[in-house]
Amino acid sequence: MKVFALVDCNNFYVSRERVFCPRLSQRPVVVLSNNDGCVVARSQEAKALGIPMGAPVFQCREVLDRERVEACSSNYTLYGDMSRRVMLTLGQFTPHVEVYSIDESFLGFRQAPSSDLTAFAQDIRGTVRQWTGLPVSIGIGRTKTLAKLANRIAKRTETAQGVFDLTDPHRDLLDGIEVKEVWGIGPRYTAFLKRHGIRTVHQLTQARDAWVQKHLTIVGLRIVRELRGVPCIPLEEIPPSKKAIARSRAFSRPVRALPEIREAVATYIASAARALRKQGSVAGCLHVSVETSRFKTPRYGDAATLRLPFPTASTSDLIHFAHQGLRLIFKEGYPYHRAGVFLTDLSPQDSLQTDLFTLEYYDDRKKRLMELVDGLNARWGRGRVRFAAEGLKQEWGMRQSRRSPRFTTRWEELPVVRAS
DNA sequence: TCTGGGGTCCTAGGACCC
DNA sequence: TCTGGGGTCCTAGGACCC
């Protein structure tokens with residue numbers, strides 16, 4: 001029997017902060033979004049206080065202060081590195097791993113790895129805990145959708161000890177789970193299904209295929225079939241190349257001056273272009289956008305789309321065109337809140353179609369320059385070599401007043417242990 | 001004062017082609 | 001007065017995920 005497991009780090013961002021800061025355990029902790037604006041992760045204790053996911057900090061300031069909740073700025077460098085360690089650990093148990101997100105992986109087994117799947121999963125759980133310090137929950141099922149569902153059950157069932165095996169789903173069990181718990185069934189579909197008398201997972205498995213496909217599209221049909229135990233969504237061990245790469249961020253304060261926005265756009269381009277080169281692609285189309293705050297007037301926002309005269313992955317080319325686009329949409333006098341760039345029409349760099357008139361742009365020197373820059377930054381740390389257009393001070397940049405040190409990726413931020 | 005960021009897939013409808 | 005059939009590509013909008 002083919003089996004899938006979904007391994008998910010509990011409250012990943014918070015748990016990770018706790019690994020290096022034991023003071024935070026047993027206490028309510030939240031992790032904040034960029035610019036420390038919203039709550040993006042909560043510990044169990046913080047959830048119990050009723051702090052909602054995504055809540056703006058200024059709106060829950062009172063409860064944060066009253067309950068002395070610890071608030072950390074997000075520290076993606078560290079989360080990314082810890083995530084990598086967890087995924088490497090999981091690789092010890094099966095070669096078939098799909099890294100689904102920063103805190104989740106699907107594991108695939110051609111046949112059940114043990115007669116006691118729960119004990120096997122407990123072993124994985126213990127190993128991850130021991131090697132990385134992070135708690136995980138594991139759901140097991142015959143399809144990815146069922147493994148996902150099993151994981152939800154594992155998380156909320158006290159007695160499950162973080163593991164739930166759903167390889168043999170009983171009708172009564174599925175009848176006790178609401179459809180909104182299912183991977184791929186969001187708020188709209190939940191409301192729609194409810195209007196048609198479908199409230200539980202079991203009821204959903206009984207719906208007619210044609211009806212499901214008509215109203216929930218082919219995607220919904222796949223979900224229903226997976227809930228019935230028919231695998232429709234394969235394990236993706238090799239992550240597919242991105243079809244689009246976006247970078248956008250709110251400024252730390254309103255920005256009115258074009259030169260500052262030009263810096264921000266250049267910075268986002270540099271980051272997007274790095275990702276582009278990393279997957280060996282070039283971009284054929286570029287979008288750049290600016291926007292004032294959605295919560296204030298006057299409001300203004302616009303985006304420019306530029307079809308590039310030639311596909312490229314060169315940061316300097318892309319900055320040049322992005323600045324061109326910015327000129328089309330920037331209006332003097334608005335307090336801008338956010339800027340963004342979006343690279344699309346991506347294609348593999350090695351299958352470039354050239355034509356007589358664009359040959360001049362395929363300058364090998366540009367390519368070698370980017371390889372050199374990427375190499376230096378890989379060796380000496382990201383941002384060591386930058387484009388002047390990105391600016392030096394970046395005063396519009398992120399606010400992270402409570403960021404923990406990057407314990408695992410910076411020599412100068414290693415944790416210090418004192419023995420007495 | 002203060003409100004996140006980055007993706008995917010599907011469908012419908014229009015433009016255009018032969 | 002009459003006005004085909006089949007296909008592709010693109011875009012906008014909607015749904016979902018973490």
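No value in this document is a laboratory result; all are computed from the given coordinates. None of the values given here were measured: they were computed from a predicted structure. Virtual Cβ from ideal backbone geometry, glycine too; neighbours counted across all protein chains shown.
Observations
- Sorted on the mean count of surrounding Cβ atoms within 10 Å across their residues, most packed first, peptides A:110-118, A:78-86, A:383-391, A:43-51 read A:78-86, A:43-51, A:383-391, A:110-118.
- Among the trypsin sites (Lys or Arg not before Pro) in the range A:224-291, those placed in a DSSP loop whose Cβ has at most 13 other Cβ atoms within 10 Å are A:Lys243, A:Arg256.
- Förster radius 30 Å - calculated FRET efficiency between A:Ser101 and A:Leu392 (Cβ-Cβ, nearest 0.05): 0.30
- Percent of Cα pairs exceeding the 34 Å cut-off, where the set is chain A: 45
- Gained length - A:Phe20 relative to A:His170, 0.36 nm times residue gap less alpha-carbon distance: 49.9 nm
- Label zone at A:Phe58 (point 7 Å along Cα-to-Cβ), backbone N below 18 Å, the range A:211-254: A:250-254
- Nearest-0.05 FRET efficiency for A:Gln349 and A:Ser401, computed from C-beta distance (R0 25 Å): 0.05
- In summary, the helical segments of chain A meeting the span-like criteria, namely a full DSSP H run, a Cα extent along the axis of 27 angstrom or more and a mean Kyte-Doolittle hydropathy of at least -0.5, are A:258-278.
- A simple count of charges around A:Gln206, restricted to other residues whose Cβ falls under 13 Å of its Cβ and scoring Lys, Arg +1 and Asp, Glu -1, yields +3.
- Across all directions, the shadow cast by the convex hull of the range A:201-274 built on its C-alpha atoms averages 9.2 square nanometres.
- Listed peptides A:370-376, A:24-30, A:285-291 by packing density, highest first (mean Cβ within 10 Å): A:285-291, A:24-30, A:370-376
- Theoretical gain in end-to-end length, A:Ala275 to A:Glu237 [0.36 nm per residue, Cα-Cα removed]: 11.7 nm
- Summed over qualifying helices (DSSP H, 4 residues or more, each -39500 (n - 2.57)) and divided by its residue number, chain A shows a 222 nm mean residue ellipticity of -12000 deg cm²/dmol.
- Simple spin-label estimate for A:Asp65 and A:Thr159 gives 4.5 nm between the two label positions (7 Å along the Cα-to-Cβ direction from each Cα).
- Close amide-amide hydrogen proximity is noted between A:Tyr100 and A:Ser105, A:Phe106, each under 5 Å apart and 5 or more residues distant or on a separate chain (H modeled in the peptide plane; Pro and chain starts excluded).
- Estimated FRET transfer efficiency (A:Trp211, A:Arg188; beta-carbon r; R0 22 Å; 0.05): 0.85
- Site pair A:Leu376 and A:Thr94 shows an inter-label distance of 4.5 nm when each label is modelled 7 Å from Cα along Cα→Cβ.
- Dipole of chain A, positive direction: furthest Cα of A:Ala119, A:Ser347, A:Phe295, with charges on the beta-carbon: A:Phe295
- Our coupling estimate for the range A:249-255, obtained by passing each phi through the Karplus curve with A = 6.51, B = -1.76, C = 1.60 and θ = phi - 60°, is 8, 6, 6, 6, 7, x, 10 Hz, Gly and Pro reported as x.
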